[in-house]
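Notes for the one structure printed next.
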Amino acid sequence: MAAKKLNIKDKYRLLTRDLDWDFSYEDPKKAFPYEEFEGIKITDWNKWEDPFRLTMDSYWKYQAEKEKKLYAILDAFSQNNGHLNVVDPRYVNAVKIFLTGVSPLEYQAYQGFAHVGRQFSGVGARVACQMQSLDELRHVQTQIHAMSHYNKFFDGFQEFSHMHDRVWYLSVPRSFFTDARSAGPFEFMIAIGFSFEYVLTNLLFVPFMSGAAHNGDMATVTFGFSAQSDEARHMTLGLEVIKFLLEQHEDNVPIVQKWIDKWFWRGTRLLTIVAMMMDYMLPNKVMSWKEAWEVYFEEAGGALFKDLARYGITMPKYADVIEKEKEHISHQAWWTFYTHGHAAGFHTWIPSDQELDWLSEKYPDTFDKYYRPMWELAKEQEAKGERFYTSGLPQLCQTCQIPMLFTEMDNPNQNSMRDTVFDGERYHFCSDGCCDIFKDEPEKYVQAWLPVHQIFQGNCGGPDVGDILSDYYRMNVGVDNMDIKDSPDEQRWNKWKGVA
Amino acid sequence: MPVFALKPGYQGERMDRVENFGGNQIVYFGWDEHRMFCAAKAFPLPPSMPFSAVMEQIIPEAFGQHPEFSQINWDSVEWMLNNEPFKPQLDVSLEAQGVDHKSLIRFKTPGLTGYNGLGV
Amino acid sequence: MTIEIKTATLEPVRNTFAHIERRFGDKPATRYQEATYDVASEVNFHYRPLWQPEFELNDTGRTAIVMEDWYAFKDPRQFYYGTYVQMRAKQQEVAESNYSFFEKRDLARLIPEEIQKKVIRLLIPLRHVEQAANLNNVYGSSLGYGTAITQALLYNGMDRLGNAQYLSRIGLILDGNSSDSLAEAKRYWMDDAIWQGVRAYCEANICVEDWFESFVAQDVVLDALIYELVYLQFDQWLADNGGQDISMLTEFIQNWNKDTNRWVDSVVKVAAAESDANKQQLEQWISHWKGKAVEALAPLADEMLDAEALSNAVAAMDKRLNKAGLFK
Amino acid sequence: MSKVYIALQDNDESRYIVEAIEESNPDATVIHMPAMIRIEQENRLVIERKVVEEKMGRDWDVQELHINLITLGGNVDEDDDQFVLEWKQ
């Protein structure tokens, strides 16, 4: 009998969608108990459109090919001491932030997608989430392997896992992801599958990785682009989820809009650190944060929201504030880390004169007016032998957990501060965006493990900051932290390069 | 507004209740338009602490690194407590003049506008 | 400017990450170790799940099994993502050439019709068992504790989807891609009395809350029996009765079972060796699910072979459990 | 009108795919960046299996695209013969 040819859509339907069956011995609600409490209405999972139609055999085949390529490069990188090819040892500090701040998020993404990949009762969506879960596990593991070589030659990588659970600035990305994972399955998909994957990871994995290539870091660019090749699948899943929810029931629209507002705000706050990595931590510049933002958020995100307008979805709330903040946040963040360089697990520095000029050129409306004077002051202090490390501990935002470093866009000299009272206790926020998120779910956000308050409660050892850094954070004090100048990293680099 | 949770009555544990701070309460201090300090600073202080002790111990520790600090004329300083104008009474405790847990105290220094007059 | 690199100064500062060094000493680590140990978060989760506030996001309390160190569940295959997909890619390449050989030579036509019918009624519905196994293993991966076991559960979960797809393709080969055989097999799964026990077992397991129990019911009990019954004994029967070429199409699953059994047995062994309480818990779960599984599989075994086939399968499973330190 | 875009790793295989994209989409803009190639076009972009196969001189499965893909923007529709990116506004 001559077999008829199956096209990819039919084949995928038969090999995946057709595997499920209607339960008759148990209540399906017991098998999939989390699908209704968020208020999302799914009338027919069969309407789900599979964005990509990968069966496991193709998945193994293509992913194995990617892995083979990637590990060949990582092997070559370590055999040839590839770390010597980076343009400048300052660059490596961006990679430290990556391993301590981003890689553990990949792990949380693996867990989160495994959860929704088990809990959705629609098999199409479920399998897509399972594959994403597996991909995310890939990302954390390839990142650890890529940075394993750096860990052998530079400080600040060695306790990445321990630090991620505890260190003050790492509480920012960590709380972002635990917020999403502790939410219901549909909110998780809007948070991570849509807002984070579709718009925000591009900013990390595309311009920053291109920057890694431009700074001689073959290991990072290789895992970065290799990971991002899975991301294309993930982005499409995110977009498919949102279209599906919006098409299923009109009552879903306001719920989805609320989540979009929340997660875009939370995402832009999280990306502050990426802004700083791009503008200040890449010695060879590819594009400024502002330019990257315009390409990947304003242009790409704008097109996306125009596409979603037919469902009644509008641009995320406070998009107007976000647009103004692109001129400011990278400078504010690097200043914060520079002045807290004694409490960071990586090195900080004053930008070179050439870099200051590049920043002036890229930020003509804000840099000279607001931020160059800071570096003039820092240089003055350093020349006096008083490298500025700020005293005390900063006030943190209850929602995003970032020190309250952001300023008012109508007066960028003044920090932006909001507060509200819930259940007799006052809570503080860096912005209207973060304040709104709290007010919508105060019972959730009162649980925030705010590092500064935890230190004052005595839960992080101490009381001296030095003891907290060494005992609770397991930082190698005087080695991992402080200015790059005279650090062991710099001294080793100079020795390798034969520089006196 | 209550969160939407699987079971009704979701109530997370309040992590920063004043009882958790061993007799202290948290007070934040911020110097307006002085961005050398990236954010306001947090201190655990006994509610019974008089404001004079805040002026002697806390304010210099928090802001003494700024080149303008020594030039502050404290008589002309404008204070805000939790977004309301505030006149600190030096010999009165924090608690007795309304500075409670997680209060934010901000001050402006007329005439001192930051490093080189640029808000830094 | 040429820069002279003095190789003598290129000594590493450390051999591996600090948490790996604390476990295995100050020496170069394997990729499996760096990708696995102490990667999952343990403290400071901020928010209790809206869907399960009685637990933290990562919480050891979601199973009755208690471990001092959840990383004791070392995978004997030492699979991390890279080694896992490369192993499966190799196996699927073999499978692919088997399937295309089978298709090209149209070997289906050499298989007697009653044998084909038997395959559709007795083998193809197992694609739904694999689907249940996918759910159960992914469940453990999402709510389990410690990367050592949770990553292996995810690999297993995805393997089961792969197995389900290979079984489905057997149906498509037999029906010339009309998918009639899959529809027929699904009707058996839904309505045929010989399948109802197995289907009820699968549905019940999907609703089990304790993730380790779910792993026991699926991977330790049901899979062990099905492997012996179907992929060894029934396969032999097919070979003896003119269906030997079907073996080319189940070879992937057979090899897969061999590598997976090694992992399953080691998980059971490690958990049982940890404490008497664990051992008792495992024995109680296994007894419970074994009773159900034997009852569920009996009509199927009769139809495939005979009652002896099932007792052979039970004996083989008991032997494995014994080797893992249980029931003795 | 909005742009759809796709970015590929800058390697030998991608160069053939980019050539094919240029042939199938004469108005597309190709931008070379460090280690990556970005291609964008108003509203719609198509990658045709036949054209890629012609450029490469071998069989090419549309799903192979994922090996060299970095990112994309637009609604995806993938089948045996082509990969389409599109905004439907």
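The values are calculated or read from the model by the stated rules, or taken from the named source; none is laboratory data. The model shown is predicted, which means the values in this text are computed figures rather than measured ones. Backbone-built Cβ (ideal geometry, glycine too); neighbour counts: all protein chains shown.
Within the range A:291-310, can one find any residue that is touching a helix residue (DSSP H, G or I) at 6+ places or on another chain (Cβ under 8 Å) and either at positive phi or in a loop (DSSP other than H, G, I, E, B) (or both)?
For the range A:291-310, residues touching a helix residue (DSSP H, G or I) at 6+ places or on another chain (Cβ under 8 Å) and either at positive phi or in a loop (DSSP other than H, G, I, E, B) (or both): absent.
What is the residue count in the range B:1-49 for residues that are among the hydroxyl-bearing types (Ser, Thr, Tyr) and out of contact with any Ser or Thr (no Cβ under 6 Å at 6 or more places or on another chain)?
Total satisfying the criteria: 2.
Quick one: is residue A:455 within 23 Å of residue A:182 (Cα to Cα) and either of a type in the set (Val, Ile, Thr) or touching a residue at least 60 places away in the same chain (Cβ under 8 Å) (or both)?
Judged against the criteria, residue A:455 is not a match.
Show me the helices (runs of 4 or more DSSP H) entirely contained within the range A:413-496 in which 1 or more residues are over 30 Å from residue A:322 (Cβ atoms) and at the interface with another protein chain (Cβ under 7 Å from one of its Cβ atoms).
Helices (runs of 4 or more DSSP H) meeting the threshold: A:451-456.
Can you name every residue in the range A:336-367 that is within 23 Å of residue B:65 (Cα to Cα) and in a helix (DSSP H, G or I)?
If the condition is that a residue be within 23 Å of residue B:65 (Cα to Cα) and in a helix (DSSP H, G or I), then A:336, A:337, A:338, A:339, A:341, A:342, A:343 are the ones that fit.
Working only within the range A:109-141, note down all residues that are more than 7 Å from chain C (Cβ to nearest Cβ) and more than 16 Å from residue C:138 (Cβ to Cβ).
Of everything in the range A:109-141, just one residue is more than 7 Å from chain C (Cβ to nearest Cβ) and more than 16 Å from residue C:138 (Cβ to Cβ), namely A:139.
Read through the list (1) closer than 23 Å to residue B:38 by Cα; (2) touching a residue at least 60 places away in the same chain (Cβ under 8 Å), then give the number of the only condition that residue B:94 fails.
(1) is the only condition that residue B:94 fails.
When you scan the range C:225-324 for helices (runs of 4 or more DSSP H) that lie fully inside it, which ones turn up with 3 or more residues that are more than 22 Å from residue C:108 (Cα to Cα)?
C:246-274, C:276-304, C:307-323
Which of the residues that make up the range A:142-160 are within 8 Å of chain C (Cβ to nearest Cβ), in a helix (DSSP H, G or I) and crowded, with 24+ Cβ neighbours inside 10 Å?
A:142, A:144, A:151, A:160
Six or more apart or on different chains, Cβ atoms under 6 Å: show the pairs whose first residue is in the range B:27-48 and touching a residue at least 12 places away in the same chain (Cβ under 8 Å) and whose second is of a type in the set (D, E, K, R) and not in a strand (DSSP E or B).
Between residues of the range B:27-48 that are touching a residue at least 12 places away in the same chain (Cβ under 8 Å) and residues that are of a type in the set (D, E, K, R) and not in a strand (DSSP E or B), the close pairs are B:47/B:95.
I'd like the full set of residues that are facing chain A (nearest Cβ under 10 Å), without any contact (Cβ under 8 Å) to a residue 12 or more places away in the chain and of a type outside the set (Lys, Arg), limited to the range C:47-70.
Result: C:47, C:49, C:50, C:51, C:52, C:53, C:56.
Which members of the range C:126-151 meet the condition of being more than 20 Å from residue C:206 (Cα to Cα) and in a helix (DSSP H, G or I)?
C:147, C:148
From the list A:495, A:439, A:485, which one is touching a residue at least 60 places away in the same chain (Cβ under 8 Å) and among the basic types (Lys, Arg)?
Sole residue among the options that is touching a residue at least 60 places away in the same chain (Cβ under 8 Å) and among the basic types (Lys, Arg): A:485.
Among A:182, A:210, which is at the interface with chain C (Cβ under 8 Å from one of its Cβ atoms) and either within 27 Å of residue A:300 (Cβ to Cβ) or touching a Leu at 6+ places or on another chain (Cβ under 7 Å) (or both)?
A:182
Which of the residues spanning the range C:163-194 are within 8 Å of chain A (Cβ to nearest Cβ) and under 18 Å from residue C:304 (Cβ atoms)?
Within the range C:163-194, C:189 is the sole residue that qualifies.
Could you tell me which numbered condition residue D:64 fails, if it satisfies all but one of (1) within 18 Å of residue A:51 (Cβ to Cβ); (2) at pLDDT below 95; (3) more than 8 Å from every other protein chain (Cβ to nearest Cβ)?
That leaves (3) as the condition not met.
Got a number for residues in the range A:449-466 being more than 23 Å from the chain's Cα centre (by Cα) and either modelled with pLDDT under 95 or of a type in the set (Phe, Trp, Tyr) (or both)?
Matching residues across the range A:449-466 total 7.
Out of all the residues in the range C:195-221, which are away from every other protein chain (no Cβ under 13 Å) and outside any helix (DSSP H, G or I)?
C:210
Suppose we filter B:65, B:11, B:71 for residues that are over 29 Å from residue A:407 (Cβ atoms) and more than 13 Å from the chain's Cα centre (by Cα); which single one remains?
B:11
Residue check: is residue A:88 surrounded by fewer than 20 Cβ atoms within 10 Å (Cβ to Cβ), out of contact with any Lys or Arg (no Cβ under 8 Å at 6 or more places or on another chain) and within 11 Å of another protein chain (Cβ to nearest Cβ)?
For residue A:88, the condition - surrounded by fewer than 20 Cβ atoms within 10 Å (Cβ to Cβ), out of contact with any Lys or Arg (no Cβ under 8 Å at 6 or more places or on another chain) and within 11 Å of another protein chain (Cβ to nearest Cβ) - is not met.
For the range A:379-415, give me each residue that is closer than 16 Å to residue A:329 by Cα, surrounded by fewer than 21 Cβ atoms within 10 Å (Cβ to Cβ) and either in contact with a helix residue (DSSP H, G or I) (Cβ under 7 Å, 6 or more places away or on another chain) or in contact (Cβ under 8 Å) with a residue 12 or more places away in the chain (or both).
Selection gives A:409, A:413.
Among the residues of the range A:162-179, write down those that are surrounded by fewer than 24 Cβ atoms within 10 Å (Cβ to Cβ), in a helix (DSSP H, G or I) and at the interface with chain C (Cβ under 7 Å from one of its Cβ atoms).
Listed by number, the list holds a single entry, A:162.
If you go through the range A:315-348 one residue at a time, how many are away from every other protein chain (no Cβ under 13 Å) and among the aromatic types (Phe, Trp, Tyr)?
Total meeting the criteria: 2.
Any idea how many residues of the range A:33-54 are modelled with pLDDT of 95 or more and either assigned to a loop (DSSP other than H, G, I, E, B) or β-branched (Val, Ile, Thr) (or both)?
12
Within the range A:267-314, restricting attention to residues that are surrounded by fewer than 24 Cβ atoms within 10 Å (Cβ to Cβ) and of a type in the set (Asp, Glu), which residue is nearest to the other protein chains (Cβ to nearest Cβ)?
Looking at the filtered set, the residue picked out is A:307.
Say we look at the range C:107-125 and pick out the residues that are within 11 Å of chain A (Cβ to nearest Cβ) and in a helix (DSSP H, G or I); which of these is farthest from residue A:21 (Cα to Cα)?
This residue is C:109.
Which residue out of A:30, A:11 is of a type in the set (Lys, Arg) and modelled with pLDDT of 95 or more?
A:30
Determine if the range A:265-276 includes at least one residue that is among the aromatic types (Phe, Trp, Tyr), under 27 Å from residue A:183 (Cα atoms) and more than 18 Å from the chain's Cα centre (by Cα).
No, the range A:265-276 contains no residue that is among the aromatic types (Phe, Trp, Tyr), under 27 Å from residue A:183 (Cα atoms) and more than 18 Å from the chain's Cα centre (by Cα).
Scan (1) away from every other protein chain (no Cβ under 14 Å); (2) in a helix (DSSP H, G or I); (3) under 29 Å from residue A:241 (Cβ atoms) for the single condition residue D:17 breaks and write down its number.
For residue D:17, the exception is condition (1).
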